Amino acid sequence: MTVRILVPVKRVVDPNVRVRVSSAGAIETAGLKMSLNPFDECALEKALQLKEAGVASHVTVLTCGLPAHQDVLRTALAMGADEAVLIDTGAATATLDSLAVARLVAAHVNEVDYGLVLCGKQAIDGDVGGVAAMLAALLGWPQALNASALDAIDGGWRASCGDDAGTATWQLDGPAVISADLRLAEPRRVTLPSIVKAKQKPLATREADALGGVSSARSHVLKLNDPPVREPGLKVDSVDALLAALADRRVFESVGV
C-alpha cells in the first residue's frame, strides 16, 4: 500500500516563549518567535517515517492563514515533506475557528486522492483539538484521535489511542483521519542543507474563496486573562498538621471525595 498523506499544520507562538495578554485582551505576538505546532511536528514526523518505510509515496503539508505563515511550511519542507499548500484566508484569519479550518481542509482533500490525513491532536495556543474530528465528519472517513502508535495494515490503519479510560487499539479501513499525540514520534532536527533544499520544493498558494470561502465563526473568545499568580506553598511539621491543613481547605470536598 502506497498512499499520499496530508499533514495539516498550524503556526503558533514558540512553546519556549512566555506570552502575555495585552490590555486589549489579546495575546501580544509582536516580536515573538513563531514556530510549527509541536503536535503537528509529531504528526509530520510519523508521516515521513511512513514514507521512508514505503507505506506512503508523497507527503503534503497544508496550513490556513496569511502569506507570512509560509515560514512553518518551509520548516515542514526542510523536515522532509514533498510539497506545501497555503490556503490564504486573508482578513478572516483572525477569526478562524476549528470548523472553518476543517471545511477548508476538507475542500482541498476532496480534490486530491489522499489515503491519510495525519494531524496534531490540538494546537498549543487554543487547545481546542476539534479539527481532526470535524474533518473526519465532513469527509465521512473513520477517525482515530490522540494516537500514540500507528501502523499500516492491509487496506487501512491500526492506531493505539489514549484517553481517560486507558488505551484502545482501533482498526480503520480505507482513507482515515488520525490525530497525533506527542508520543507518536520524535520530530527530527532540521539541518542547514535541508533548509536550503526546502527553498526549491513546491509551495502553492490557494485562495480560500476557491475552496468555498471561510465560513462564519461558530465560536468566539469572550475574555482572555493571564493566569492568576500561584500562591506560595505551605510547609508543615507533621502528618497531623498536614491533615489539619487539608481539612481546613476542604481539599477532598472540592474533588468529590
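For this structure, a couple of remarks:
- Hey, THR63 modelled with pLDDT under 90 and among the hydroxyl-bearing types (Ser, Thr, Tyr) or not: no
- Here the condition is being in contact (Cβ under 8 Å) with a residue 60 or more places away in the chain and within 25 Å of ASP154 (Cα to Cα); of ALA81, ALA107, ALA92, ALA76, it holds for ALA81 alone.
- If the condition is being under 19 Å from the mean Cα position of the chain (by Cα) and either among the acidic types (Asp, Glu) or assigned to a loop (DSSP other than H, G, I, E, B) (or both), then the stretch 88-113 contributes ASP88, THR89, LEU96, ASP97.
- Filter result (of a type outside the set (Gly, Ala, Ser), outside any loop (DSSP other than H, G, I, E, B) and within 19 Å of LYS51 (Cβ to Cβ)) within the stretch 128-158: LEU150, ASP151, ILE153, TRP157, ARG158
- Considering each residue of the stretch 61-73 in turn, at least one proves to be in a helix (DSSP H, G or I), buried (at least 22 other Cβ atoms within 10 Å of the Cβ) and in contact with a Leu (Cβ under 7 Å, 6 or more places away or on another chain).
- You will find that of LYS51, LYS46, the residue that is charged (D, E, K, R), within 24 Å of GLY155 (Cβ to Cβ), modelled with pLDDT of 90 or more and under 18 Å from the mean Cα position of the chain (by Cα) is LYS46 and no other.
- If you filter the stretch 114-127 down to residues that are part of a loop (DSSP other than H, G, I, E, B) and of a type outside the set (D, E, K, R), you find that the one that is surrounded by the fewest Cβ atoms within 10 Å (Cβ to Cβ) is GLY126.
- Evaluation of VAL236 against (1) aliphatic (A, V, I, L, M); (2) touching a helix residue (DSSP H, G or I) at 6+ places or on another chain (Cβ under 6 Å); (3) under 30 Å from ALA107 (Cα atoms) (one fails), failing number: (3)
- Scan of the stretch 161-213 for residues that are of a type in the set (Ser, Thr, Tyr), in a helix (DSSP H, G or I) and within 23 Å of VAL131 (Cβ to Cβ), ordered by number: none
- Residue among VAL17, VAL12 that is more than 21 Å from LYS197 (Cβ to Cβ), in a loop (DSSP other than H, G, I, E, B) and among the aliphatic types (A, V, I, L, M): VAL17
- Filter result (farther than 23 Å from ASP127 by Cα and buried (at least 19 other Cβ atoms within 10 Å of the Cβ)) within the stretch 83-98: ALA84, VAL85
The values are calculated or read from the model by the stated rules, or taken from the named source; none is laboratory data. Quantities reported herein were computed from a predicted structural model and do not represent experimental measurements. Here the Cβ is made from the backbone with ideal geometry for all residues, glycine too, and neighbour counts use every protein chain on show.
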